[in-house]
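In what follows, a structure is listed as structure tokens, so that the remarks can point back to it.
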Amino acid sequence: MGTHSDSDLIRQLQQDHLDSLGQLYDRHNRLVYRTALAITGDTDAAADLLQDVFLRLHRFARHVDPTRPLEPWLYRMTANLSDTWLKRHNRWVRSLEDLAEKLTGSWRPANSRPVETDDSWQLVHQAVVSLPVQQRMVVVLYYLNDLSLHEISEILDIPEGTVKSRLHYGRLALRQSLGPQLKDVLPELHYEFT
């Protein structure tokens, strides 16, 4: 069996072919998990949310438009479920080391130098999880998932100006929180302030 496009797999899922759900999961689970982990700061919650997102994809497959890209739907569902989890649990990160390891192991900003210490990523993570949840979602989608302002606007169903505002205030809070370490830890973010 050849490689099917997301559109083909969605159409198959709409006809109750569960193998297509497994293929979509294999293709997109890292994206969903990484986003949920960055928003919630909790590895157990991210694993649970990963399962919830794909269960909802199965349950609501008939409402997913196979002619449109699937990733925005996955980002939107992940962001919404993560937000609900945060509101319900009203708690912050339990293990900074887990997220630092995930970020340093699976993500490198384009054109940046390698991370020199886990301490740097712990500082970044602490700063990110201290942001208000609405700013945190925008910062995670923009920096971790490398989405455009327009894409974030569509995913979160908010005006692009609101995305810009939340990103601006998120950057300011990160700058204040990280202080002089900003240029060492996140050079691309420091550059945006100069």
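The values are calculated or read from the model by the stated rules, or taken from the named source; none is laboratory data. Not measured: the values here are computed from a predicted model. Don't worry about glycine lacking a Cβ; one is built from the backbone with ideal geometry, like all the others, and counts go over all protein chains shown.
What to note about this one:
- Candidates A100, A110: the one that is under 17 Å from the mean Cα position of the chain (by Cα), part of a helix (DSSP H, G or I) and at pLDDT below 65 is A100.
Each row is one residue, and each column tells you yes or no for (1) part of a helix (DSSP H, G or I); (2) of a type in the set (G, A, S); (3) surrounded by 15 or more Cβ atoms within 10 Å (Cβ to Cβ).
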residue	(1), (2), (3)
L123	yes, no, yes
L131	no, no, yes
V139	yes, no, yes
Y142	yes, no, yes
I152	yes, no, yes
I155	yes, no, yes
V163	yes, no, yes
R166	yes, no, yes
L172	yes, no, no
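Rundown of residues vs (1) at pLDDT 95 or above; (2) in a helix (DSSP H, G or I), yes/no style:
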| position | (1), (2) |
| --- | --- |
| M1 | no, no |
| R11 | yes, yes |
| D19 | no, yes |
| L24 | yes, yes |
| A36 | no, yes |
| D44 | no, yes |
| Q51 | yes, yes |
| F54 | yes, yes |
